[in-house]
Amino acid sequence: MDLRFNLEYHTSFGEMLALNVVSSDNEGEKVINSYKMSTIDGQHWSCDINSLLKTGTYIDYFYTLLRDEQEVRREWTLETHRLELMATKAKRYVVYDHWIDIPANAYLYSSAMTECINRHERLQPRKQSFTRTVRLKVRAPQLRRNERLAVVGNETVLGNWLLQNAVVMVEHNFNEWIVDIDATKLTAPRFEMKFVVLHDDDQVAPIWENSDNRSITLPEMADGDVVVYELPEASFSSFDVRCAGTLVPVFSLRSETSFGVGDFGDLRKMIDWVALTRQRVLQILPINDTTTTHTWTDSYPYSCISIFALHPQYADLTALPPIADEKKRDEMEQLRVELNALPQIDYERVNNAKMDYLRVIFDQEGKKMMSSAQFKNFFEENKQWLVPYAQYSMLRDKYGTADFSTWPDHNTWDEAERHSLSTSRNKAYKDVAFYYFVQFVLNTQMEDVHQYAREKGVILKGDIPIGVNRYGCDVWQEPRYFHLDGQAGAPPDDFSANGQNWGFPTYNWEEMLADGCAWWVRRFSNMSKFFDAYRIDHVLGFFRIWEIPTHSVHGLLGQFSPALAMTVPEIEAYGLPFREEFFTQPYITDEVLGRIFHEHADEVRATFVEPKGRRGEHHDARRTLRADQRRALPARPPRCHQVPSQNLSAVRLHLRVALRP
């Protein structure tokens, strides 16, 4: 099959274009074959390929601009060009493309729009046996869920401008529509046409393209020729979609069938309600595993131990096979009813009960479920994070702490152990298999919920915390990505006088950039399995973060990182006299101690603060002088005290007591 690709693109001296065909190897990895294009005027470029592809197949491709053999620009590749070879009598395809930049309405190509709001069934064009074929391709991302695109023109084969005879097109790729026309039925090489939007409801008026008629002049065609025109995007007078939605934590969606806490089964019910009330978006709080202590302190959803693993508390136990042991089944049902009747979630009892239930099902069904093709596919796709997570979870429970620095061994992930942990006949695998099983259950259920939301036309929106737990699996597995000598938070403001200390380690961006931010790419890719949109909590953290020393309790002593520093002269130019100890360290004078603690000032001074700065008889005497005598003394800085970090909690307690009305 001969393929000729044509592209009009103005280039400068020393520049050239390349055609890049995307294919897959035997292992499913993408392979790009690049072909240099030729030109006679630097404006019209072409490339000939002899392909062994058979009728009924297709190729995806994109164009790049080269300068001195180096790529300097490429097309928008979120959606590449696609060419289907559907003409059974074709001998040659001649394609007329145009360069595709990222469009202003790129959001219409997001999965939130293409899979939820404006979802259409994408179909491959039918095979046809025309002697000569004209194919029309056009992108129309504005079309709604219940609309389809058609073409009508001045030829009989195009309906003679009669809407009832319009030729309906097929959406063969996201937002791109296609139709094949029998060129032998065209009466002239030049014809005119327009695109029109048809509604599934015949009572809804069609929408004509708001532009002049499009005209195409065909080249001379021979039998076996297929001429493909990729046309500029269709333009319609239509308004943007406006969506209403609900934000809710999954754990709060407790229903009659729950096990004491909202789960993925309840999330499905929430999707039903959102769709029933004609809302379009359902946003939830983070659902990642946060287990470090197995206590209620793990309930904070923004302190995940793994950016990939889901929290076991969200497992929908009703979707699992029933417990075979009747006595155990009755015990669990009685416990479920008891926990579900509580006015508040008992985090610890609920999680312990659900883990016990999952272990029963693992012992009963685990071998069968983990020998299935579905589990094997899940393991293969997720082994990069799943294997370290399972070992981390096993060691955390074995040693009774998530602080891996205190473990007697395995203080960091050892890649050499991956093979033994991945081979089912090894003891190491059996030690962690339960955690594989739990994540398989959770991932399967959540992916099913995601697909259900798409079918209902609901955008399921997730939440990505900016930080991760200091003692989590992510830090244990890849510590090079983190600064463990600092912690993230927020500076003091009107809402928090002491600032905020979140306790998360800050990111080592230099290390992350060194491998193209692969860690973040994996994180976002994994989220796309469950969500069609997501919020990044504290997205400002990608640009700067309030970094606090690890010994600090509050956010007061932090600084922005990165930050643009100021010199002392620059600061003083604003009229602010600069003393380093005033602005970079806690500064407490005798006057402050006396004003706050009164008769307890000496006790606080002796117990909780350390003297710093000038000391001596003169300083002590100055404290005892009357005000009129004090004014006669030479001006000296007041005595300064520094609070040791380990005493800050005690000082706060005294302050609360002293200031209490």
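The values are calculated or read from the model by the stated rules, or taken from the named source; none is laboratory data. Every value quoted in this text rests on a predicted model; they were computed, and no experiment measured them. Cβ sites come from the backbone with ideal geometry, for glycine too, and all protein chains shown count toward neighbours. To get the accessible areas, we keep the full protein, side chains included, count just its heavy atoms, and leave off ligands, DNA and RNA. Shrake-Rupley method; radii C 1.70, N 1.55, O 1.52, S 1.80 Å.
Brief remarks on what is shown
- Taking residues in region 237-255 that are closer than 29 Å to residue 301 by Cα and touching a residue at least 12 places away in the same chain (Cβ under 8 Å), and partners anywhere that are assigned to a loop (DSSP other than H, G, I, E, B) and basic (Lys, Arg), the pairs with Cβ atoms closer than 8 Å and at least 6 places apart or on different chains are 243/280; 244/278; 244/280; 245/280.
- Considering region 606-618, the residues that are open to solvent by less than 40 Å² (accessible area, probe 1.4 Å) and at pLDDT 70 or above include one that is nearest to residue 581 (Cα to Cα), namely 609.
- Within region 364-377, the presence of a residue that is within 20 Å of residue 254 (Cα to Cα) and aromatic (Phe, Trp, Tyr) is excluded.
- Matching option when the condition is open to solvent by 20 Å² or more (accessible area, probe 1.4 Å) and either touching a strand residue (DSSP E or B) at 6+ places or on another chain (Cβ under 8 Å) or within 21 Å of residue 409 (Cβ to Cβ) (or both), among 456, 461: 461
- Checking each residue in region 399-417 for being in contact with a helix residue (DSSP H, G or I) (Cβ under 8 Å, 6 or more places away or on another chain) and under 21 Å from residue 468 (Cβ atoms) picks out 399, 402, 404, 406, 407, 410, 411, 412, 413.
- Number of residues in region 20-54 that are in contact with a strand residue (DSSP E or B) (Cβ under 7 Å, 6 or more places away or on another chain) and closer than 18 Å to residue 90 by Cα: the value is 5.
- The set of residues in region 262-277 that are under 19 Å from residue 444 (Cβ atoms) and either assigned to a loop (DSSP other than H, G, I, E, B) or open to solvent by less than 10 Å² (accessible area, probe 1.4 Å) (or both) comprises 262, 263, 264, 266, 267, 271.
- Every test in (1) over 30 Å from residue 453 (Cβ atoms); (2) in a strand (DSSP E or B); (3) charged (D, E, K, R) is passed by residue 60 save one, and that test is (1).
- Subset of region 44-86 [within 26 Å of residue 110 (Cβ to Cβ), in contact (Cβ under 8 Å) with a residue 60 or more places away in the chain and open to solvent by less than 50 Å² (accessible area, probe 1.4 Å)]: 79, 81, 82, 83, 84
- Region 493-546: number of residues that are part of a strand (DSSP E or B), β-branched (Val, Ile, Thr) and either open to solvent by 50 Å² or more (accessible area, probe 1.4 Å) or out of contact with any helix residue (DSSP H, G or I) (no Cβ under 8 Å at 6 or more places or on another chain) (or both): 2
- Looking across region 98-109, just one residue is open to solvent by 40 Å² or more (accessible area, probe 1.4 Å) and either assigned to a strand (DSSP E or B) or of a type in the set (Gly, Ala, Ser) (or both), and that is 104.
- Of the set (1) open to solvent by 20 Å² or more (accessible area, probe 1.4 Å); (2) out of contact with any Gly (no Cβ under 7 Å at 6 or more places or on another chain), all apply to residue 391 but (1).
- Lone qualifier among 324, 353 - being in a helix (DSSP H, G or I) and small (Gly, Ala, Ser): 353
- Candidate set from region 64-87 (those that are under 31 Å from the mean Cα position of the chain (by Cα) and aliphatic (A, V, I, L, M)); member that is modelled with the lowest pLDDT: 78
- Which numbered condition residue 348 misses (of (1) surrounded by fewer than 15 Cβ atoms within 10 Å (Cβ to Cβ); (2) within 30 Å of residue 475 (Cβ to Cβ); (3) among the acidic types (Asp, Glu)): (1)
- Restricting 121, 115 to residues that are open to solvent by 20 Å² or more (accessible area, probe 1.4 Å) and in contact with a helix residue (DSSP H, G or I) (Cβ under 8 Å, 6 or more places away or on another chain) narrows the list to 115.
- Test result for residue 402, assigned to a loop (DSSP other than H, G, I, E, B), open to solvent by less than 30 Å² (accessible area, probe 1.4 Å) and under 20 Å from residue 312 (Cβ atoms): yes
- The one condition from (1) over 22 Å from residue 11 (Cβ atoms); (2) open to solvent by less than 70 Å² (accessible area, probe 1.4 Å); (3) touching a residue at least 40 places away in the same chain (Cβ under 8 Å) that residue 95 does not meet is (1).
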